[in-house]
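The structure under discussion appears below in the form of structure tokens.
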Amino acid sequence: MPTTTASPVTLPGTVQQRVAAAAARAGVPVCFQSDPGQGKTATITAWLSAWGYQAEILSPANREPADFLGQMVLTQDGTTGHAPLSWAKRLTQTTRHAAVLLDEANLGAEDTMKALHRVLEEKVVGDLPLPKNTAMICTINPPSNATGAVELPAAVANRMLHLQWDMDFDAWAAGLVGGFDTADVPTLDSLAPGGSTDDLRREALMVSMFLRQKPELRNACPDTMAQAAGPWPSYRSWTKMVQVLAWLHVSDVDARLAAINGLVGEGAGRSYREFCRTQRLLDPHAALADPSIVDWKNTEPDVLWSLGLAVSALADEDTTGKVRTAGLALAAAGAKAGYTDNGWFIARRLLLNMPAGYKVPAQARREFAERFVAAGILAAA
């Protein structure tokens, strides 16, 4: 399971380095908060440089909405558009990875915050798309000790992974003595080694199964501005959580904990971790290879539901049709064992995106004949 026990594997760097690296690779914005003077901007800039990023450092406090939307201009075809901004244009032209560091972001005016919505979420500046996985990192100081600082608006806060900044004293002391430009920063690949399709699917299936059981946690925007300025569960933040967790090592318990709490909050995060501790996923590859390993009688319905999602996704990725055929054999095995509803869920998903000319195996046609007719797909099959 993704969040249960630690492995003896040695993990590089610090927890916040590993979470920041995973978020950067996933394209999920990160918000670091601490008191002023804790080295956030300088340290993060050094990380980004070591990881191969070209970073544009912007201070929303000194920017207007047009600095993120672009100035309105009349185009050559007589329509209006937005002139590309120099900082955004540099990121689209760089040969390195692209990154935006919004320094002291909660000092920005309300209109400037609104202008950041599309930049943070869609990586679009005016009419100019930034590179797809542009890293977005914000630093903020608490409103209680930063003149002019405000709580982040809920719509901005929910777009980000929130982490409390913890300055590594040993790294600071070494830099103080030997020079901060000589700091040893672990590589991006070592900090965030995942990101495969299987990694993403594993995390997505677990979250989907959890939210199927916990509909009240699909969206739970807090009632107060102060609480909404931090992490809280929404469809968006659960999606971002899946994307970040997929890049972290499966045994990195501390970093996974920080990422979960930093995106959906401690309450929802605690509930999710307990769910992961007690649940298990079936390996879709193994089930497709040998349907007999599936214990249809004793396996929880939600686990079978997640297996159906996984098999369907694998079938859609396979251009030969072999996985779809194996999936229908698995579904037919479930029906033959007396669990027709569970088997039909898998079969129906496999038939939704059935390619033209695909011939449904005879075994599946026999086991689900009545449902094929009811669904109106027997003739097409």
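Could you compute how fast segment 1-153 diffuses translationally, taking Rh as the Kirkwood radius over C-alpha pairs and applying Stokes-Einstein at 25 °C with viscosity 0.890 mPa s? Give it in µm² per second. Roughly 146 µm²/s, to the nearest whole number. Note on MET167 and ARG118: their simple-model spin labels are 3.9 nm apart, each label 7 Å out from Cα toward Cβ. For segment 232-381, the square roots a ≥ b ≥ c of the C-alpha gyration tensor eigenvalues yield an a/c of 1.5 or more together with a/b exceeding b/c, which makes the shape prolate. Each part gets one Cα centre, and for segment 249-316 versus segment 128-193 those centres are 30 Å apart.
Please report the antiparallel percentage of DSSP beta bridges with both residues in the chain, rounded to the nearest 5. Restricted to the chain, the bridges split so that about 20 percent are antiparallel. Across the chain, the mean sequence separation of Cα contacts (distance under 8 Å, 6 or more residues apart), normalised by length, yields a relative contact order of 19 percent. The length gained by stretching the chain between GLN213 and ASN145 to full extension, at 0.36 nm per residue less their Cα-Cα distance, is 20.4 nm.
Taking a ≥ b ≥ c as the square roots of the eigenvalues of the alpha-carbon gyration tensor, the chain is classed prolate because a/c is 1.5 or more and a/b outweighs b/c. Highest mobility in the GNM of the chain, judged by mean-square fluctuation with C-alpha springs under 10 Å and restricted to ALA228, ALA192, ALA22, is found for ALA228. Here, segment 126-204 is characterised by an Rg to Rh ratio of 1.05, where Rg is the alpha-carbon radius of gyration and Rh the Kirkwood radius. Of the three principal axes defined by the Cα atoms of segment 131-290, the extents in descending order read 60, 41, 33 Å. Once the Cβ-Cβ distance of ASP316 and ASP254 is raised to the sixth power relative to R0 = 30 Å, the FRET efficiency obtained is 0.30.
Net charge near PRO60: determine it from the other residues with C-beta under 10 Å of the C-beta of PRO60, scoring Lys and Arg +1 and Asp and Glu -1. Walk me through the intermediate numbers first.
Working: positive: ARG63; negative: GLU64, ASP67, ASP103, GLU104.
Overall, the nearby charge balance is -3.
At 222 nm, what value in deg cm²/dmol follows for the chain if DSSP H runs of at least 4 each add -39500 (n - 2.57) and the sum is divided by all its residues, to the nearest 500?
That calculation yields -14500 deg cm²/dmol at 222 nm.
Which whole-number percent gives the relative contact order of segment 18-124, counting Cα pairs below 8 Å spaced six or more residues apart?
32
The lysine pair count for segment 15-276, using Cα distances under 16 Å and pairs eight or more places apart or on different chains, is 6.
Applying 1/(1 + (r/R0)^6) with R0 = 51 Å to the Cβ-Cβ distance of ALA50 and GLN363, what FRET efficiency is obtained, to the nearest 0.05?
Details: r = 56 Å, r/R0 = 1.09.
The formula returns an efficiency of 0.35 here.
Think of segment 15-276 as a dipole: +1 on every Lys or Arg Cβ, -1 on every Asp or Glu Cβ, centred on the Cα centre; then among PRO186, ASN133, VAL150, ASN133 lies furthest on the positive end. Pick from ALA20, ALA333, ALA246 the residue whose mean-square fluctuation is largest in a GNM of the chain, springs joining Cα atoms under 10 Å. Maximum among the listed residues: ALA333.
Mean-square fluctuations from a GNM of the chain, with a 10 angstrom spring cutoff on Cα atoms, peak among MET72, MET160, MET241 at MET72.
Only the coordinates and a few stated rules stand behind these numbers; no lab work does. Everything numeric in this text was worked out from a predicted model, so none of it was measured. Cβ: placed from backbone, ideal geometry, glycine included. Neighbour counts: every protein chain shown.
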